[in-house]
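Since every read-out is calculated from the coordinates, none of them should be taken as a lab result. Being a predicted model, the structure only gives us computed values, none of them experimental. A quick note on method: Cβ atoms are made from the backbone with ideal geometry, for glycine too, and the neighbour counts reach across all protein chains shown.
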Amino acid sequence: MRSEPVLRIERLVKRYGDKTAVDGLDLTAHPGITAVLGPNGAGKTTTVETCEGYRRPDSGTVRVLGLDPVADSARLRPRIGVMLQSGGVYSGARADEMLRHVAKLHAHPLDVDALIERLGLGGCGRTTYRRLSGGQQQRLALAMAVVGRPELVFLDEPTAGLDPQARRSTWELVRELRSDGVSIVLTTHFMDEAEELADDVAVIDAGRVIARGSPEELCRGGAENTLRFTGRPGLDLGSLLKALPDGAGTAEISPGTYRITGDVGPELLATVTSWCAQHGVMPSGISVERHTLEDVFLELTGKELRA
């Protein structure tokens, strides 16, 4: 039996004047890592800020750890961590004092010194927030979100502006949090990040969830897999098609370059190579191409993620 959800949103509507940012959205997140994806203006940030209690719904219900994030704010706040893109830090405060201050607000915080070292903040502890680089500010915001050992943490673009090494360190920290039983709702512009980290993905567009599933499910359902190979031009594709399983397709996309679509697996690959052997064809450059989460996202929304 699947565990109780850490987040449940039903028919959420949020408007700003005449603009409807969230339009009857339904979303459930269970323990683990849930990635929320969507083009700019899709409503994902408004949705997350409503879950954090920063915005009040116009209609619909939001429950975080079973609590109303507005009415039950005092009870919910100690149980969640929030990472804001703007950092949420007083610009004149030193990095280490801000992190230690947040840690003291919780009964069983993480080791602050170890967290500072882990996130590469050791050399800027006494630097004021406004003098930190963008990447340092981002890492400090992440540290402040997780230092209290929350049950659920909201991470808004946690690796934006970070170098590759810092991104990988952040991914490792997120995985460790999950292993320790912390649930995570993650918004990100990086498709590889969602594929690497998420147990579940929700794609939002025009204020609604338009697709939902694990990265593997979405990539499998978004489009067929493709096998490509090269051989001599003008092969008898009708004969090849008869040998392939039902639902497969064949095409010579350029002279001597062939594409097979369908349920590409060991059986189909063996059928293709067997057919080639029977017809005296020496295939080369055989490759199996699988759709990525970015491919699926573009098919669903028709937009680049940073559009």
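Among ASP199, ASP23, ASP111, the largest mean-square fluctuation in a Gaussian network model of the chain (Cα springs under 10 Å) belongs to ASP111.
After finding the eigenvalues of the alpha carbon gyration tensor for the chain, what semi-axes result from the square roots of 5 times each, listed largest first in whole Å? Mind dumping the intermediate values first?
Numbers: eigenvalues 413, 108, 56 Å².
Those come to 45, 23, 17 Å.
Entry note, the chain: relative contact order of 20 percent, from Cα contacts under 8 Å with a spacing of 6+ residues. FRET efficiency for the pair SER3 and LEU241, taken as 1/(1 + (r/R0)^6) with r the Cβ-Cβ distance and R0 = 41 Å, rounds to 0.35. Between ASP180 and ALA71, the contour length at 0.36 nm per residue exceeds the alpha carbon distance by 36.4 nm. When the charge dipole of the chain is built from unit charges on Cβ atoms (+1 for Lys and Arg, -1 for Asp and Glu) and taken about the Cα centre, the candidate among LEU110, VAL6, SER91 whose Cα reaches farthest toward its positive end is SER91.
Normalising by residue count, the stretch 83-140 has a Cα convex hull of 78 Å³ per residue.
Exposure proxy ranking for TYR16, TYR258, TYR54, based on other Cβ atoms within 10 angstrom of each Cβ and starting from the fewest, stands as TYR16, TYR54, TYR258. Scanning residues 5 or more positions from ILE204 or on other chains, those with amide H under 5 Å from its amide H are LEU37, GLY38, ILE210, with H placed 1.01 Å from N in the peptide plane. Where does helix 266-278 land angle-wise versus the long Cα axis of the chain, in degrees 0 to 90, nearest 10? Rounded to the nearest ten degrees, it is 30. Taking the C-alpha atoms only, the angle from helix 164-179 to the longest principal axis of the chain is near 80 degrees. Our analysis of the stretch 198-307 gives Rg over Rh at 1.09, with the two radii drawn from alpha carbon positions and Rh computed by the Kirkwood formula.
Based on C-alpha pairs under 8 angstrom that are at least 6 apart in sequence, the stretch 190-274 has a relative contact order of 23 percent.
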